[in-house]
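Comments concern the structure below.
The values are calculated or read from the model by the stated rules, or taken from the named source; none is laboratory data. Please read all numbers here as calculations on a predicted model, not as lab measurements. Reconstructed Cβ throughout: ideal geometry from the backbone, glycine too, with neighbour counts over all protein chains shown. Keep in mind that these areas ignore ligands, DNA and RNA; they rest on the heavy atoms of the full protein, side chains included. Shrake-Rupley method; radii C 1.70, N 1.55, O 1.52, S 1.80 Å.
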Amino acid sequence: MKDFDESYHSSFTANGSLEWLETNGIGGFASGTVSGALSRRYHGLLTAATRPPLGRITLLSKFDETLVVGGKQFDLSSNKFPGVVEPTGFEYLKDFRLDPFPVWVYEAGGVRLERVVFMPHGENAVVCRWTLLKDSSPSNSATLLLRPLLSFTDYHQLQHEDLRFNGSLNVEEGSILIRPYDTLPALHFSHNAIALDETGYWYRNFDLGIEAERGFDHYEDLFQPFVFTFDLSETANVIATTDGPIKKRADQLERSEIKRRNSLVKRADAKSHFHKRLVLAADQFVVARGEGYSIIAGYPWFSDWGRDTMIALPGLTLATGRPEIAKNIILEFTKHISQGMIPNRFPDASETPDYNTVDATLWYFEAIRAYAASTGDLEFVAEELYEKLADIIAWHLRGTRYNIHVDTDGLLYAGSADVQLTWMDAKIGDLVITPRTGKPVEIQALWYNSLRIMAEFADRFGHNEDRQRFDAMADLAKHSFNGLFWNEADQCLFDVVENGHRDGSVRPNQIFSISLAHPVLNKVRWGAVVEKVQKELLTPVGLRSLSPKDPAYVPVYTGSPFDRDSAYHQGTVWAWLIGPFIRAFQRVYPDDKNAISGMITGYERHLAQVGIGQISEIFDGDPPHTPRGCPAQAWSVAELLRILTFDR
């Protein structure tokens, strides 16, 4: 499978929509388009995590690059300004690939120039290298001019020409330091340039096309402090970092990073191109948090979310042969348990986690079950987790935040009209699009699954009274569930039950009643639910969040922020839901391997469609199912890896 089609080189629209991503394992990242033009506020060569994995600041946005051969200049960069693309360096682009990180090949002036960009693991740094390829034999000398363009702003924000921006440089041999704001880190450039010319210009009105499509401010100014000149008789190297000059050379860092990534593929025993790409994609979401680890929910704008972390954990860590990271993540989240809940998310701008979720904690039980099943490490569960898990159950019995409590029928009630607690959590100001207050179907499936998991642990650890209690609670929940949630008219499950009202919206949430380790739905009804979901919700790239037959169905996720948030769970396709659907399908049709392979084919094509080597968050509900949302989403990648590794 090719990462890049050469025919794209003549189309700015085509390769301007293809995005690449590099990450550093501590929350920082680099991202951009294959064309080189900025199209998101989040695009930049160095977005550093100042409070790993958060506190992210975009420092270096890009380089403008000019190749000079025999005195003739070729601008390799592409920039979009209002009404014009200038320069049009994408026309010189002949190849792009992930090998294993982004590599461009340009052809101009009779030479072929290769550019490599990568982030060293564990460093707020980016390494950029430009090399004349061996098949280049310029009759005249070749040089490269690089003009760094700086942002120095919170990664959610746009920079505009600022009189407070201090553009003064501290120049030493092979090193430059600039610190525009006292409140932000300094940026160090290590380089092997043969000349440096100070400039100090503002480049105004970069037009960020994706931001315009999303209905946000989309013009940005960037500061251009100096120009590097490199002699291309040797590789041109620039290392930009917040932590001072890195002692290793660029070529050493490159070899080290290639070795690290190859070891990840080998450890996961990945054979196919698709599987290898997913393994490397998975690594981009695993980040350090304190002394432990966490998972970034998606790039470029998400932080680490409890729900996403627990759903993604089996696929990103266990399926890739990294159980020690799974263990570390589970242990890290024990530090943040409060009133029987793990956090919903760790906000960018705050040290205090948010707990507005009913399902993240229940997914925590499933993540622990998956870890124990994969590793056999029951000692860890017994010594470090069992009492904490039992206390979580106790909190849910007596009631915790957001009116989360076990009702008299043994089912879990949660929420109120002004709060969103399930994974369908779109909210616009005070307006909750899908509040799902009461007893959502997947919450009951997760609650029942958690009780059965606890009964199994109690049995393993010799806690007989606990086992009997958890089993009795699970039995009551299952009996109540099958009586309350079955929709005889539509041969599927109601989505939410509350005070006698039963929501008949056909949504994917019902699939969890079959897909989890301990299915709450009576087996006799599995086939009907799978058939209903397959018929109305299944697409080549995941499950719709609402049936097209519903009057509230929104076929396309586009428009203003209000329009998009309103459509987020009203028909939009979610890639990660293919995992639970395939698991449920397998339980009903265990011998139909071809059908399952067909369900994955669409994702293989998608790897080269938007976020190269990654899986998007969401897609339009209607064909052609255009990718939307984050171009790289943790649970989208994780669920495919889980299916490829454990469930095929």
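Some values worked out for this structure:
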read-out	value
Strands (runs of 3 or more DSSP E) fully within the stretch 79-118 counting 1 or more residues that are open to solvent by less than 10 Å² (accessible area, probe 1.4 Å), touching a Ser or Thr at 6+ places or on another chain (Cβ under 8 Å) and over 18 Å from Pro148 (Cβ atoms)	93-98, 111-118
Residue check for Arg277: touching a strand residue (DSSP E or B) at 6+ places or on another chain (Cβ under 8 Å), farther than 30 Å from Glu442 by Cα and surrounded by 20 or more Cβ atoms within 10 Å (Cβ to Cβ)	yes
Any chance Ser450 is out of contact with any Phe, Trp or Tyr (no Cβ under 6 Å at 6 or more places or on another chain) and of a type in the set (Ser, Thr, Tyr)	no
Cβ-Cβ under 9 Å pairs, at least 6 apart or on other chains, the stretch 173-187 side under 15 Å from Val227 (Cα atoms), far side β-branched (Val, Ile, Thr) and surrounded by fewer than 16 Cβ atoms within 10 Å (Cβ to Cβ)	Leu177/Val171
Matching option when the condition is of a type in the set (S, T, N, Q), surrounded by 15 or more Cβ atoms within 10 Å (Cβ to Cβ) and closer than 26 Å to Gly55 by Cβ, among Thr400, Thr357	Thr357
Test: residue in the stretch 164-185 that is among the hydrophobic types (A, V, I, L, M, F, W, C) and closer than 23 Å to Glu86 by Cα	no
Selection within the stretch 342-354 - open to solvent by 30 Å² or more (accessible area, probe 1.4 Å) and within 23 Å of Arg436 (Cα to Cα)	Arg345, Asp354
Residue tally, condition of a type in the set (A, V, I, L, M) and surrounded by fewer than 16 Cβ atoms within 10 Å (Cβ to Cβ), over the stretch 226-265	1
Hits in the stretch 435-458 (condition: within 28 Å of the chain's Cα centre (by Cα), open to solvent by less than 10 Å² (accessible area, probe 1.4 Å) and over 16 Å from Ala367 (Cβ atoms))	Pro440, Val441, Ile443, Gln444
Any hit, the stretch 495-510, residues being part of a strand (DSSP E or B) and among the acidic types (Asp, Glu)	yes
Residue that is nearest to Ala236 (Cα to Cα) [pool: residues in the stretch 170-189 that are within 30 Å of the chain's Cα centre (by Cα) and surrounded by 16 or more Cβ atoms within 10 Å (Cβ to Cβ)]	Phe189
Residue satisfying condition, being out of contact with any His (no Cβ under 7 Å at 6 or more places or on another chain), of a type outside the set (A, V, I, L, M) and in a helix (DSSP H, G or I), within set Ser416, Ser450	Ser450
Qualifying position, being within 18 Å of Gly298 (Cβ to Cβ) and out of contact with any helix residue (DSSP H, G or I) (no Cβ under 6 Å at 6 or more places or on another chain), among Gly621, Gly602, Gly613, Gly629	Gly629
Residues of the stretch 565-591 classified as outside any loop (DSSP other than H, G, I, E, B), open to solvent by less than 20 Å² (accessible area, probe 1.4 Å) and closer than 30 Å to His218 by Cβ, total	5
Residue in the stretch 597-606 that is modelled with pLDDT of 95 or more, open to solvent by 40 Å² or more (accessible area, probe 1.4 Å) and either in contact with a Leu (Cβ under 7 Å, 6 or more places away or on another chain) or under 22 Å from Ala360 (Cβ atoms) (or both) present	no
When residues of the stretch 416-455 are limited to those that are among the polar types (S, T, N, Q) and touching a strand residue (DSSP E or B) at 6+ places or on another chain (Cβ under 7 Å), the one nearest to Ala394 (Cα to Cα)	Gln444
Any hit, the stretch 161-169, residues being of a type in the set (Ser, Thr, Tyr) and open to solvent by 20 Å² or more (accessible area, probe 1.4 Å)	yes
Evaluation of Asp221 against (1) surrounded by 14 or more Cβ atoms within 10 Å (Cβ to Cβ); (2) within 23 Å of Phe118 (Cβ to Cβ) (one fails), failing number	(2)
Condition met for Trp395 (touching a helix residue (DSSP H, G or I) at 6+ places or on another chain (Cβ under 6 Å) and either aromatic (Phe, Trp, Tyr) or exposed (fewer than 15 other Cβ atoms within 10 Å of the Cβ) (or both))	no
Tabulated pairs, the stretch 204-223, first within 19 Å of Thr626 (Cβ to Cβ), second at pLDDT below 95 and surrounded by 20 or more Cβ atoms within 10 Å (Cβ to Cβ), C-beta under 9 angstrom, 6+ apart or interchain	Gly209/Gly16; Arg214/Arg564; Gly215/Arg564
Selected residue [in contact with a Leu (Cβ under 7 Å, 6 or more places away or on another chain), open to solvent by less than 10 Å² (accessible area, probe 1.4 Å), aliphatic (A, V, I, L, M) and under 23 Å from Ala108 (Cα atoms)] from Leu67, Leu46	Leu67
Selection within the stretch 120-144 - out of contact with any Leu (no Cβ under 8 Å at 6 or more places or on another chain) and buried (at least 20 other Cβ atoms within 10 Å of the Cβ)	Glu123
Filter result for Phe481 (more than 26 Å from Ile368 (Cα to Cα), open to solvent by less than 40 Å² (accessible area, probe 1.4 Å), under 34 Å from the mean Cα position of the chain (by Cα) and not hydroxyl-bearing (Ser, Thr, Tyr))	no
Filtered residue count, the stretch 290-324, keeping only those that are more than 16 Å from Leu641 (Cα to Cα) and of a type in the set (Val, Ile, Thr)	1
The stretch 542-564 - residue that is part of a loop (DSSP other than H, G, I, E, B) and touching a strand residue (DSSP E or B) at 6+ places or on another chain (Cβ under 7 Å) and, of those, surrounded by the most Cβ atoms within 10 Å (Cβ to Cβ)	Ser545
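Listed here are the residues, each with its yes/no results for (1) open to solvent by 10 Å² or more (accessible area, probe 1.4 Å); (2) of a type in the set (Lys, Arg); (3) modelled with pLDDT of 95 or more; (4) closer than 27 Å to Leu45 by Cβ.
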| site | (1), (2), (3), (4) |
| --- | --- |
| Arg289 | yes, yes, no, yes |
| Ser303 | no, no, no, yes |
| Ala319 | no, no, yes, no |
| Gly340 | no, no, yes, no |
